[in-house]
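Please read the structure below before turning to the comments.
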Amino acid sequence: MGQNNQISQLERSQIIAIAQKFSNQNQIADIQAFGSGNINDTFLVSLQEVEAQSFILQRINTKVFREPKLVMQNMRVYANHVRDRLQNYPLDRRWDIPKILPTQQGQDYWQTESGEFWRSLSFIAGSQSFDAMQNIEQAREVGYALGMFHHLTSDLLPERLADTLEGFHITPRYLQQYEEILGTRNINKSPEVDYCLRFVSDRKDLAHILEDAKASGKLPLRVMHGDPKVNNILFDRQTQLAVSVVDLDTVKSGLVHYDIGDCLRSGCNPAGEETEQWQDVQFDMDLCQGILQGYLSTAQSFLTESDYAYIYDAIRVITFELGLRFFTDYLSGNIYFNVKHSEHNLWRSLVQFRLVESIETQESVIQKIIKDIQCKAL
Ligand code: ADP
Ligand code: GN1
Ligand code: MG
């Protein structure tokens with residue numbers, strides 16, 4: 001179905017049949033494409049009898065996640081760990097973890113005859129997500145949510161999690177893939193493509209910063225979420241507080257810096273990743289401060305001096321990395337990210353590259369925000 005949010009009649013009846021496997025005899029009232037994720041196909045299933053209990057149904061993208069059973073295994077390891085921890089150390093505010101809903105045969109997923117892989121999750125009640133940050137209070141909440149995720153997993157051994165996506169967030173590998181594609185494809189030149197080609201060629205060194213820090217022991221492996229962008233954080237519609245972090249497919253061993261960088265990359269771009277006005281994209285300082293304040297309110301207990309020293313680099317590395325991933329996917333014929341049109345990934349890469357430029361021109365202000373927050377935390 002991809003991202004165009006239209007379900008054909010045929011597809012609707014097929015999806016309803018699959019939803020039925022998870023619905024525990026309840027009649028399905030409606031099914032709608034849901035959210036704006038770039039990888040899986042997500043649907044909201046409403047039930048006839050129990051209106052409040054709609055659930056999320058997802059077709060896992062098996063071109064990306066080659067071993068979806070490992071994805072489900074990780075989700076269980078993560079959820080069991082966090083639930084145990086919350087039972088022993090209850091929080092003073094709402095925090096939810098999506099439940100895996102089993103099929104009527106008690107399985108975590110349903111595999112169709114053609115090999116499609118489907119799963120269901122409880123809908124986080126009364127929640128909503130946003131594609132772009134709306135205000136400073138939300139920024140603090142997004143930061144808090146990522147801090148809470150890291151805090152609650154800080155005593156989960158990363159080795160207990162399988163690697164569900166080999167090479168994910170290993171920036172030098174994305175650079176290598178990009179160079180391979182450049183060597184084998186005829187590229188349709190345009191001013192935008194030229195800008196991207198030059199941009200990457202000028203910043204190749206960026207790709208190695210975090211991996212070098214990992215290799216030299218300056219940054220340790222911990223449990224990372226892998227994808228803590230704004231629309232993967234859920235807010236309570238009434239209190240406006242963050243109540244859950246979803247999209248757990250990439251929870252695995254990694255650097256928390258990729259998460260911190262990704263959260264800031266996504267959260268401090270109020271125009272959003274999908275804007276067509278890429279020249280106007282700016283990295284917003286107030287939102288940056290808000291996210292970092294929220295993050296450190298829960299994460300300061302485990303961050304070291306060396307961790308703080310790499311926060312600025314993390315922001316521009318991950319932004320560069322995502323621009324590179326979008327651009328490579330564009331050059332490869334759009335095989336990884338869901339797209340609405342053939343230039344979609346090119347436009348997305350322009351947005352990220354412009355964001356890198358905005359981050360770079362504001363380096364001293366960002367460094368000062370990090371320093372001030374670090375001084376208060378220590
Ligand atoms: P993708 O990997 O394609 O991004 P996600 O798992 O992030 O798929 O799901 C897409 C969107 O659906 C999320 O960004 C979020 O807004 C919403 N969503 C996902 N899981 C839940 C859930 N359990 N409850 C409520 N909303 C959810
Ligand atoms: C994808 O699935 P979604 O839309 O939450 C991608 C992230 C990117 C993001 C950019 C598994 O996230 O790495 O940062 O798009 N997820 C995967 O919007 O590749
Ligand atoms: Mg998502």
(request) Distance check, please: which entries in LYS99/LYS229; LYS63/LYS229; LYS69/LYS252; LYS21/LYS99; LYS229/LYS252 exceed 18 angstrom between their Cα atoms? (result) LYS99/LYS229; LYS63/LYS229
(message) How high is the relative contact order of the chain? Use alpha-carbon pairs under 8 Å, at least six apart in sequence, and give a whole percent.
(response) 19
(request) Please report, largest first and rounded to whole Å, the three semi-axes of the ellipsoid equivalent to the stretch 136-377, where each semi-axis is the square root of five times an eigenvalue of the C-alpha gyration tensor. (result) 28, 20, 18
(message) Could you tell me the extents of the stretch 271-378's C-alpha atoms along the three principal axes, largest first, rounded to whole Å?
(response) 49, 26, 19
(request) Please name which of ALA33, SER342, THR62 has its Cα lying farthest along the dipole of the chain towards the positive end, using unit charges on Cβ (Lys, Arg +1; Asp, Glu -1) and the Cα centre as origin. (result) THR62
(request) Please compute P(r) over all alpha-carbon pairs of the stretch 173-221, binned at 5 Å starting from zero, and give each bin as a whole-number percent. (result) 5, 17, 20, 22, 14, 9, 7, 5, 2
(message) As a test of the formula, what do you get for the chain when each DSSP H run with n ≥ 4 contributes -39,500 (n - 2.57) and the sum is divided by the residue count, at 222 nm and rounded to the nearest 500 deg cm²/dmol?
(response) -14500 deg cm²/dmol
(request) Just the number, please: carbon plus sulfur as a percent of the accessible area of the stretch 136-377, 1.4 Å probe, no ligands or DNA/RNA counted. (result) 48
(request) Using a 1.4 Å probe and counting only protein heavy atoms, arrange SER306, SER358 so the residue with the most accessible area comes first. (result) SER306, SER358
(request) Please identify, among ASN345, ASN24, ASN186, the residue showing maximal mean-square fluctuation in a Gaussian network model of the chain using a 10 angstrom Cα cutoff. (result) ASN186
(request) With only Lys, Arg, Asp and Glu charged, each at its Cβ (+1 for the first two, -1 for the last two), find how big the charge dipole of the stretch 136-377 is about the Cα centre; round to the nearest 20 debye. (result) 140
(request) Compare the peptides 90-98, 251-259 by average per-residue count of other Cβ atoms within 10 angstrom and give them in order, highest first. (result) 251-259, 90-98
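The values are calculated or read from the model by the stated rules, or taken from the named source; none is laboratory data. Quick caveat, the model's predicted, so the values are computed rather than measured. Virtual Cβ from ideal backbone geometry, glycine too; neighbours counted across all protein chains shown. Heavy atoms of the whole protein, side chains included, go into the accessibility calculation; ligands, DNA and RNA do not. Shrake-Rupley method; radii C 1.70, N 1.55, O 1.52, S 1.80 Å.
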